[in-house]
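Novice: Please find one structure pasted underneath; my questions will follow.
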Amino acid sequence: DGEPVLIEAAELVVPPALEITALNLVHATEIVVDPNVAAGTAQQQIKTANWVRQRVRVSVDPYIPIVASTANGNTSWFLFASPSNGNPALVGARLRGHDAPEVFIKESNQRRVGGGGLNPRDGDFETDAVEYKVRHVFGAAIVNAKMVVGSNGTGS
């Protein structure tokens, strides 16, 4: 819309395969650049302090290669504006009354001879199996798509 995007800090989210590369880039003490050479080439020659160091934090997300298993999960990365700037990219929410994960155990389908119920941890009648389930109600939504950029690592 012609408005500037003001970002003071960012969060670089990478898969485990890119952790060392991301940390090396962010924690480098200096960057070498040559203004007469195209950016990204091996001929860059001017040395400057690494200003990225103070503005970018690296986070490793082990779920990226699991979720993007057939779509470059080991090379995908995302750069989010820090939510502390008052303009988050995403927002998460939980359903009222379901703030934490809920753990359930299936009731046993057996009874002792002579009556009386059993502890659910005694298992079912046929196999003594015990079944658990966990329910966690949450959701997320995009608040401002201008506050995030990502790549699958193919250069596009």
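The values are calculated or read from the model by the stated rules, or taken from the named source; none is laboratory data. Keep in mind that what you see is a predicted model, and the values were worked out from it rather than measured. Cβ atoms come from the backbone with ideal geometry, glycine included; neighbour counts cover every protein chain shown. For the accessible areas, the whole protein counts, side chains as well, though only heavy atoms, and no ligand, DNA or RNA atoms are used. Shrake-Rupley method; radii C 1.70, N 1.55, O 1.52, S 1.80 Å.
Novice: Could you please give the count of residues in region 101-136 that are open to solvent by less than 90 Å² (accessible area, probe 1.4 Å) and either polar (S, T, N, Q) or under 30 Å from A9 (Cα atoms) (or both)?
Specialist: As a first pass, look at region 101-136 and keep what is open to solvent by less than 90 Å² (accessible area, probe 1.4 Å): 101-102, 104-105, 108, 110, 114-120, 122-124, 129-130, 136.
This time we only want the ones that are either polar (S, T, N, Q) or under 30 Å from A9 (Cα atoms) (or both), so: 108, 110, 119.
Residues in region 101-136 being open to solvent by less than 90 Å² (accessible area, probe 1.4 Å) and either polar (S, T, N, Q) or under 30 Å from A9 (Cα atoms) (or both): 3 in total.
Novice: Out of everything in region 8-30 that is part of a loop (DSSP other than H, G, I, E, B) and under 11 Å from V56 (Cα atoms), what residue ends up being most open to solvent (accessible area, probe 1.4 Å)?
Specialist: Residue satisfying both the conditions and the ranking: E8.
Novice: Tell me which residues, restricted to region 100-125, are part of a loop (DSSP other than H, G, I, E, B) and acidic (D, E). Full working, then the answer.
Specialist: Our first condition is that a residue be part of a loop (DSSP other than H, G, I, E, B); within region 100-125, this holds for 100-101, 106-119, 123-125.
Matches in region 100-125: E107, D124.
Novice: Has region 101-113 got at least one residue that is within 19 Å of I7 (Cα to Cα) and in contact (Cβ under 8 Å) with a residue 24 or more places away in the chain?
Specialist: No, that holds for no residue.
Novice: Shifting gears a bit: Can you tell me which residues in region 73-99 are out of contact with any strand residue (DSSP E or B) (no Cβ under 7 Å at 6 or more places or on another chain), open to solvent by less than 60 Å² (accessible area, probe 1.4 Å) and in a loop (DSSP other than H, G, I, E, B)?
Specialist: Result: G73, T75, P88, H98.
Novice: Still on this model: Do you know which residues across region 137-156 are without any contact (Cβ under 8 Å) to a residue 40 or more places away in the chain and open to solvent by 100 Å² or more (accessible area, probe 1.4 Å)?
Specialist: If the condition is that a residue be without any contact (Cβ under 8 Å) to a residue 40 or more places away in the chain and open to solvent by 100 Å² or more (accessible area, probe 1.4 Å), then S156 is the only one that fits.
Novice: On to the next question. What do you reckon, is P62 open to solvent by 70 Å² or more (accessible area, probe 1.4 Å), modelled with pLDDT of 80 or more and either farther than 24 Å from A89 by Cα or part of a loop (DSSP other than H, G, I, E, B) (or both)?
Specialist: Here the answer is yes, as P62 does meet what is asked.
Conditions (1) modelled with pLDDT of 80 or more; (2) of a type in the set (A, V, I, L, M); (3) out of contact with any Lys or Arg (no Cβ under 6 Å at 6 or more places or on another chain), marked per residue:
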residue: V32; (1), (2), (3): no, yes, no
residue: I46; (1), (2), (3): no, yes, yes
residue: R57; (1), (2), (3): yes, no, yes
residue: N72; (1), (2), (3): yes, no, yes
